[in-house]
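Only the coordinates and a few stated rules stand behind these numbers; no lab work does. Only a predicted model underlies this, so the values are computations on that prediction, with no experimental measurement involved. Cβ atoms come from the backbone with ideal geometry, glycine included; neighbour counts cover every protein chain shown.
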């Protein structure tokens, strides 16, 4: 296969995908931003002529593509901010923009029988923080963007499920970064989390909570988790790409990390390699508290430390 064909094939596929997503109104396409990223074309060209197997070229091309998407999102935000200086320069336009912003507050009382809860959260774009505890089951405050959410609670005996999902799946990259979502949860019950995190920052300080399980499906995300010692066993499963993942566990907890990483950096503080893809803290078997972490990540930065 001719190397130039590989280069032009990848380029045409990438451009066609961008045009298609724009036509489907999934995100806002801007030529001005794309032109700023022209050095990525040189990188792709370089990948296509490397004297390595096609499999490795494919992996490198995917990595460059993911990097391009992340950089595109960052540049769109800057580009949109510069444009807004000229578009919204009078009181009427400013009032119109403020009217489009969505502010929501959710809350739900804790039922007398509830001892376990699962939070299912669609965290697409913006900043999501766990700020503390509440006597209610949950309290959430959302502000800063045009994104709106549906909120519902399903109760079944001792267990309940809290579902928070985005009303409109369209992502406008130069607006959604302003989205701010603050959460407070009840600390007296056991919690499980099922989180979809895309192009967002997730900052969850879980030290005050009894966390049984947390499952995260992430892409182009910044994920910060801090665990406490409220339960003897916690399971963490993270499947991510192009993400920065930072996990802090208690100094006295035993931890096992498993999984696979592709084109990713990994920092595991105070861990020993037990087998291929398996790492444990010292005296893991004897620890009274155990945290099991499974990581499947590509083109990501991963850090697990004990404090």
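How much length is gained if the chain between residue 151 and residue 133 is pulled fully straight, taking 0.36 nm per residue apart and subtracting their Cα-Cα distance, in nm to one decimal?
On the way: separation 18, 0.36 × 18 = 6.48 nm, distance 1.89 nm.
Stretched out fully, the residue 151 to residue 133 stretch lengthens by 4.6 nm.
Taking the highest mean first, how do the peptides 192-204, 225-237, 274-286 order by number of other beta carbon atoms within 10 angstrom per residue?
192-204, 225-237, 274-286
With a cut-off of 8 Å between alpha carbons and a minimum separation of six or more residues, what is the relative contact order of segment 220-307 in percent? Mind dumping the intermediate values first?
Values: 210 pairs, mean separation 37.6, N = 88.
Value for segment 220-307: 43 percent.
Among 150-156, 251-257, what's the highest-first ranking by average C-beta atoms within 10 angstrom per residue?
Numbers: 150-156: 13.1, 251-257: 18.3.
Highest-to-lowest ranking by the protection proxy: 251-257, 150-156.
Is segment 160-269 rounded, prolate or oblate when judged by the Cα gyration tensor, a ≥ b ≥ c being the square roots of its eigenvalues, rounded requiring a/c under 1.5 and prolate requiring a/b larger than b/c? Mind dumping the intermediate values first?
Working: a/c = 2.06, a/b = 1.22, b/c = 1.69.
In terms of gyration-tensor shape, oblate.
Just check segment 101-306 against the gyration tensor rule for me: Cα atoms, a ≥ b ≥ c as the square roots of the eigenvalues, rounded for a/c under 1.5, and otherwise prolate or oblate depending on whether a/b exceeds b/c. Don't skip to the end; give the middle numbers.
Numbers: a/c = 2.34, a/b = 1.28, b/c = 1.83.
In terms of gyration-tensor shape, oblate.
On full extension of the chain, what length is gained from residue 159 through residue 107, given 0.36 nm per residue of separation minus the C-alpha to C-alpha distance? Before the final figure, lay out the partial values.
Numbers: separation 52, 0.36 × 52 = 18.72 nm, distance 1.72 nm.
Gain in length upon complete extension: 17.0 nm.
Please report the relative contact order for segment 101-306, taking Cα pairs under 8 Å with a sequence separation of at least 6, and give it as a percent rounded to a whole number.
The normalised contact order for segment 101-306 reaches 19 percent.
Sort 145, 243 so that the residue with the fewest other Cβ atoms within 10 Å of its own Cβ comes first and the one with the most comes last. Walk me through the numbers before you get to the answer.
Values: 145 20, 243 27.
Ranked by crowding around the Cβ, least crowded first: 145, 243.
Which value in nm describes the separation of the simple spin-label points at residue 261 and residue 115, placed 7 Å from the Cα toward the beta carbon?
Computed distance between label sites residue 261 and residue 115 equals 3.9 nm.
Rounded to the nearest 5, what is the percent of antiparallel bridges among the DSSP beta bridges in segment 101-306? Let's see the in-between values first.
Details: 27 of 108 bridges.
Close to 25 percent.
Antiparallel as a % of all DSSP beta bridges within segment 182-304, to the nearest 5? Before the final figure, lay out the partial values.
On the way: 7 of 60 bridges.
Rounded to the nearest five, the antiparallel share is 10 percent.
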